[in-house]
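The values are calculated or read from the model by the stated rules, or taken from the named source; none is laboratory data. Small disclaimer: the values here were computed from a predicted structure and weren't measured. When we count neighbours, we look across all protein chains shown, and the Cβ atoms used for this are built from the backbone with ideal geometry, even at glycine.
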Amino acid sequence: MEKLKKIVLVDGQFSSREMSDILIDMIMKKIQFHELRNLQNFEILGKMNDTSVKRIEELKKIKAQVLSFAQEQESTTNVYAMKAFIEIEELPERNETISK
């Protein structure tokens, strides 16, 4: 298996609405991931996952920033280039504090 894998997730030109839709969908999926992790952690250990609780708050702030930017640009006809890359690296062991 490769030690590092780079994947192009998004690469294109988008209106502010399209850009916002793509980003909000990705952010919401990550929020759902951390909410599920919290539920599983609570059911098994009786407490929330501190990393997920913190990350949910961070993601909600990012979501608000994206929405604010999209609203500011709503009346324009601007087109935006957007690129998003995912890097996947094999690790020797799991470290709970790095899951974001």
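Might you let me know whether segment 17-24 holds any residue that is under 24 Å from Leu91 (Cα atoms), of a type outside the set (A, V, I, L, M) and out of contact with any strand residue (DSSP E or B) (no Cβ under 6 Å at 6 or more places or on another chain)?
no
For segment 28-40, state whether one or more residues are out of contact with any helix residue (DSSP H, G or I) (no Cβ under 6 Å at 6 or more places or on another chain), touching a residue at least 24 places away in the same chain (Cβ under 8 Å) and not polar (S, T, N, Q).
Checked against the condition, which is being out of contact with any helix residue (DSSP H, G or I) (no Cβ under 6 Å at 6 or more places or on another chain), touching a residue at least 24 places away in the same chain (Cβ under 8 Å) and not polar (S, T, N, Q), segment 28-40 yields at least one hit.
Limited to segment 42-83, what total is found for residues that are touching a residue at least 60 places away in the same chain (Cβ under 8 Å) and in contact with a helix residue (DSSP H, G or I) (Cβ under 8 Å, 6 or more places away or on another chain)?
Residues in segment 42-83 being touching a residue at least 60 places away in the same chain (Cβ under 8 Å) and in contact with a helix residue (DSSP H, G or I) (Cβ under 8 Å, 6 or more places away or on another chain): 4 in total.
So, in segment 41-67, how many residues would count as being at pLDDT 95 or above and of a type in the set (S, T, N, Q)?
Selection size over segment 41-67: 1.
Failed condition for Phe42, given (1) over 14 Å from the mean Cα position of the chain (by Cα); (2) surrounded by 13 or more Cβ atoms within 10 Å (Cβ to Cβ); (3) of a type in the set (Phe, Trp, Tyr), with all others met?
It fails just one condition, (2).
What are the residues in segment 62-92 that are exposed (fewer than 10 other Cβ atoms within 10 Å of the Cβ) and part of a helix (DSSP H, G or I), if any?
Answer for segment 62-92, where residues must be exposed (fewer than 10 other Cβ atoms within 10 Å of the Cβ) and part of a helix (DSSP H, G or I): there is none.
Mind listing whichever residues of segment 1-40 are within 19 Å of Val79 (Cβ to Cβ) and not in a strand (DSSP E or B)?
Scanning segment 1-40 gives Ser16, Arg17, Glu18, Met19, Ser20, Asp21, Ile22, Leu23, Ile24.
Filter segment 47-85 for residues that are out of contact with any Phe, Trp or Tyr (no Cβ under 9 Å at 6 or more places or on another chain), among the β-branched types (Val, Ile, Thr) and closer than 19 Å to Asp11 by Cα and give the result.
Val66, the sole residue that qualifies.
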